[in-house]
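Notes follow once the structure below has been shown.
The values are calculated or read from the model by the stated rules, or taken from the named source; none is laboratory data. This one's a predicted model, so the numbers in the text were calculated from it and none came from an experiment. Backbone-built Cβ (ideal geometry, glycine too); neighbour counts: all protein chains shown.
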Amino acid sequence: MPRTYTHDPDHDYGPTRTQQRRDALAVLALANQLVELPPSKLAKLELPEDVEREIATTRRITAHIARKRQLAFLAKVMRRHDNSVFDGVRAALGENRDRQRQETAAMHRLEALRDRLLTDPDNAMSDVIAQYPSVDRQHLRSLVRQAKIEKDGNKPPRAYREIYQLLKDLASSSDADDTIADEGDVDGMEENED
């Protein structure tokens, strides 16, 4: 008997096969992300017990095809649960990605500043002093001189690395000071509201 479809516009046929496939691939990608996470970060996520068990099993498998098959099974186990169970996990993974992007961008900015210190020391030094007034100028200048000597002499870049570490420490202390100042502003605003 041929299948008949209603012409009722309010009839819900459910998701299309294409949409079902997209959803399944999204769950597979999430499963892959969970398997690749370090155990310390995975422990912080709230996952169902059977999913945690399958993640542990998938991690133990090293053969490529067997691992791929086990990953597909993990995704199947995850699809048995409601989507809302993994909303917190998706949010946490998204926050991790955003944080990693921010940290990477900050690292690139510091590396560019370090390179500017070596190529154009006068202008870069004034920028560093303006941005980080607490910097030990004499120590930074000596590190820049030492890094140039090391580079010209084809020696290991010890001072070059020290400049980056110094800039990183300055940036982190500056961020901490900004956070404390912001909290102080909030406290001051609350006092003014009373």
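Observations on the structure shown:
- Hits in segment 146-176 - residues which are over 29 Å from the mean Cα position of the chain (by Cα) and under 17 Å from Ala112 (Cα atoms): Ala147, Lys148, Lys151
- Those residues of segment 84-106 which are more than 16 Å from Asn32 (Cα to Cα) and touching a residue at least 60 places away in the same chain (Cβ under 8 Å), in sequence order: Ala106
- Considering segment 37-54, the residues that are without any contact (Cβ under 8 Å) to a residue 12 or more places away in the chain and over 23 Å from the mean Cα position of the chain (by Cα) include one that is farthest from Phe86 (Cα to Cα), namely Arg53.
- Residue match in segment 137-157 (condition: touching a residue at least 40 places away in the same chain (Cβ under 8 Å) and not assigned by TED's automatic domain parsing to the domain that holds Leu30): no
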